[in-house]
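Read the figures in this text as sums done on the coordinates, not as results from a lab. Since the structure is predicted, the reported quantities are computational estimates derived from the model, not experimental observations. Here the Cβ positions follow ideal geometry from the backbone for every residue, glycine too, while neighbour counts run over all protein chains shown.
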Amino acid sequence: MKKLIAAFLLTISLAPATQAQDAAAPDPNAPVITFETEMIDYGTMQQGSPAVRTFKFTNTGKSPLVIQSIKGQCGCTTILDNWTKEPIAPGASGSFQVEYDTKTRVGAFDKKVTITSNASNSPKDVKIKGVVQAAGGN
């Protein structure tokens, strides 16, 4: 009976280690999201000017890529609702648009956008940066 209990306890104690190893093993067939550029520099803009930019990406993995969410770092960064929502086949591309609030924000900015997907490199961060000059300013 003691041997049976010892074997049971050993099995239970090894189970989490086995699960941890399985979780850490990367899937060689997983999708991979690869961006054309991971930083968009808006440059210097006047307050109130249009500030929409497009991030383009390709699925460089071996199975369909599904974007689950795209979130800006704060309320000043809006993700427009026209991002690619259908599965993206291996080798195919998609995009999403980011709008920075130049109406109420003045000064330098450097913001992160986080993309969550089924890709092996998820979540993935890209950035936007630039400078907004006050209306009539230099």
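Descriptive notes on the structure:
- For Ala119, the residues whose modelled amide H falls within less than 5 Å of its own, excluding neighbours fewer than 5 places apart on the same chain, are Val66.
- As a calculated quantity, the FRET efficiency between Thr104 and Asn82 at R0 = 22 Å, using C-beta atoms, amounts to about 0.40.
- 3J(HN,Hα) along region 36-48: 4, 8, 9, 9, 10, 9, 6, x, 9, 10, 7, 4, x Hz, from the Karplus curve 6.51 cos²θ - 1.76 cosθ + 1.60 with θ = phi - 60°, whole Hz, x for Gly and Pro.
- Projecting label points 7 angstrom from Cα along Cα→Cβ for Met39 and Cys74 puts them 2.0 nm apart.
- The Rg/Rh ratio of region 33-133, with both radii computed over alpha carbons and Rh defined as the Kirkwood radius, is 1.01.
- From least to most packed, judged by other beta carbons within 10 angstrom and beginning with the fewest, Val132, Val113 follow the order Val113, Val132.
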